[in-house]
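The values are calculated or read from the model by the stated rules, or taken from the named source; none is laboratory data. Note that the coordinates shown come from a computational prediction; the quantities given were computed from them, not determined experimentally. Cβ placement follows ideal geometry from the backbone for every residue including glycine, while neighbour counts extend to all protein chains displayed.
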Amino acid sequence: MTLEELKKLISKDETKNVELKKSTGELREGMHTACAFLNSDGGVLVFGVTPSLNIVGQIVSESTRRDIAQALAGIEPAVTPVIEYVDIPGKPNLQVIVLRFNPWVYGQKPYTFHGKPYYRLESVTKAMPRDMFDERIRINMPHQYSWEMRTAEGYSIKDLNAGTIRGVVRLGVEEKRIPVGSLNEPIKVILKKWNLLDGDNVRNAAVFLFSKRFSFEYLLRMARFRGTDKNYFIDNQQAHGNFFDLLDAGMGFFFKHLSLSGEIKGLKREEHLDVPVAALREALINALCHRDYDIHQCSIGIAIYDDRIEIESPGLLPHELTPKTIKRSHQSFPRNEVLANVLYQTTYLEKWGSGIKRIMDACKAENSPQPFWSEQTGYTVVTFPLNKLNGKIVTQNAPQNAPQNAPQNAPQKRTDLIGEMIAKNRSITIAEIAQKLNVSRDTIKRDLKKSGFAWEGASKNGHWVREQKRFVDANKTSVKKIKRKTKRIGK
């Protein structure tokens, strides 16, 4: 730096990015400012200029250089600023010392000087507020300080649904994502492997996934509006519960309000919703898995209009993605890593950022309009334009037990949902399945028969099985075929 450049730098006095000190006798105060620059937009620290902007300089010896280096060592993480020494014409042996500090980069740890953080507010150096410091720590180490890793106050392992845990482990074993030996492991061991326990305490992720206690904390809002805005609604519901409860409720709402259409291909009738079921399911799972659960006052919402469906999830997209780039091939950036890992191992989620592509591929396969993503007032929103294959959408609330004029070959996608419900709870009743999917019990009975499910055991203590089902014999760790005697009941 030349003397002219120095004069230009200090011409406007101290600013948000410039701090002037008379000499290194104020070195400690200068390091407070250096730390503030590093936590803000960067800046220049100058020694050798008086408050009246007179360039006086100072003698710079080896001891001075050591003092500066030792003072900089008090800043953590370690920094190596650019240091310049500017000669002053007519004043031999006197120099101005100029140190340049880079701005804070999103995702870095906050800087501290001797353990204390500072930041720059206009031309003033201030101690950093605790909430700002904590936020930057969370950004730097999101996994360690995330919502999902915190202990769930007031919950224990007894509050988790062991049947659901066993059911999803079975799904993971069938897809070879979980070792066969996990079928016989204690629940506590399974939870520890999934990082859902902190010692003997359950984490928030465990409660959200498997809690059997009713909680208002996890909410799904669902509404069917008349027209293309929110002025009038036909149906307005809320669902509370764990991940699987909310997923079932959301998919049931789609089946209730989206119209079916079909076409004959060969000897088989293929049926479709206005938007592919696979795309809606994937989008809802993504919303449940990747939402920002630190935003307590918000919840996931499903809104069905005459011309579109919107699924909104609290929290913006990861900083690596934008609404314009999200459709391109990209890596996975899960906000809730533990949650995403459990859902991947249990087959509910795919890794490597493939969810968006799966949604678009499902829409393309059924010639449905491509969805698009947006960010709206703190929410990430995926919008599906409606295909309207049969020219209308269901707008009336059909009675739960009314006869359904569904074709004899029920939609394969609904039978998949039924299969998942049984996998999670083998003792679930026909009435419970019908209520979750908003169809009649007669329809569920047809779907169960078509899928090969039959009830085994007493009415109250039995469970669903599939005839000729292949299952893993945990004692012999081999796969066998058996026939089960079944008892037909009208549950």
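Being touching a helix residue (DSSP H, G or I) at 6+ places or on another chain (Cβ under 9 Å), in contact (Cβ under 8 Å) with a residue 12 or more places away in the chain and of a type in the set (Gly, Ala, Ser): is that true of Gly57 here?
no
Condition test on Glu366, is it touching a strand residue (DSSP E or B) at 6+ places or on another chain (Cβ under 7 Å) and farther than 24 Å from Gly107 by Cα?
yes
Keeping to segment 421-447, report how many residues are β-branched (Val, Ile, Thr) and part of a helix (DSSP H, G or I).
5
Here are the criteria: (1) in contact with a strand residue (DSSP E or B) (Cβ under 8 Å, 6 or more places away or on another chain); (2) over 24 Å from Ile422 (Cβ atoms); (3) free of Cβ contacts under 8 Å to residues at least 40 places away in the same chain; (4) among the aliphatic types (A, V, I, L, M). Tell me which single one Ile234 does not satisfy.
Tallying (1) in contact with a strand residue (DSSP E or B) (Cβ under 8 Å, 6 or more places away or on another chain); (2) over 24 Å from Ile422 (Cβ atoms); (3) free of Cβ contacts under 8 Å to residues at least 40 places away in the same chain; (4) among the aliphatic types (A, V, I, L, M), Ile234 fails exactly one: (3).
Based on this model, can you work out whether Ala78 counts as in contact (Cβ under 8 Å) with a residue 12 or more places away in the chain and either more than 28 Å from Met132 (Cα to Cα) or not hydroxyl-bearing (Ser, Thr, Tyr) (or both)?
No, not satisfied.
Let's see how each residue does on (1) within 18 Å of Leu209 (Cα to Cα); (2) touching an Asp or Glu at 6+ places or on another chain (Cβ under 8 Å):
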residue: Pro103; (1), (2): no, yes
residue: Gln108; (1), (2): no, no
residue: Met132; (1), (2): no, no
residue: Arg136; (1), (2): no, no
residue: Asn140; (1), (2): no, no
residue: Trp147; (1), (2): yes, yes
residue: Gly163; (1), (2): yes, no
residue: Arg170; (1), (2): yes, no
residue: Glu174; (1), (2): no, no
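Quick check on my filter: what residues within segment 16-75 are more than 23 Å from Met128 (Cβ to Cβ), part of a helix (DSSP H, G or I) and among the hydroxyl-bearing types (Ser, Thr, Tyr)?
Thr24, Ser63, Thr64
Show the residue pairs that are 6+ apart or on different chains and have beta-carbon atoms under 6 Å apart, the first residue being within segment 361-379 and modelled with pLDDT of 90 or more, the second being assigned to a strand (DSSP E or B) and of a type in the set (Phe, Trp, Tyr).
Close Cβ pairs (under 6 Å, with a partner that is assigned to a strand (DSSP E or B) and of a type in the set (Phe, Trp, Tyr)) amount to Pro371/Phe384.
Six or more apart or on different chains, Cβ under 7 Å: which pairs go from a residue in segment 218-230 that's within 16 Å of Met251 (Cβ to Cβ) to one that's modelled with pLDDT under 95 and of a type in the set (Ser, Thr, Tyr)? Could you list them?
That search, which allows pairs on different chains as well, returns Leu220/Ser299; Arg221/Ser299.
Would you confirm whether or not segment 153-175 contains a residue that is of a type in the set (D, E, K, R) and within 22 Å of the chain's Cα centre (by Cα)?
For segment 153-175, residues of a type in the set (D, E, K, R) and within 22 Å of the chain's Cα centre (by Cα): present.
Looking only at segment 325-337, decide whether some residue is under 23 Å from Ser368 (Cβ atoms), in contact with a strand residue (DSSP E or B) (Cβ under 8 Å, 6 or more places away or on another chain) and not in a loop (DSSP other than H, G, I, E, B).
Scanning segment 325-337 turns up no residue that is under 23 Å from Ser368 (Cβ atoms), in contact with a strand residue (DSSP E or B) (Cβ under 8 Å, 6 or more places away or on another chain) and not in a loop (DSSP other than H, G, I, E, B).
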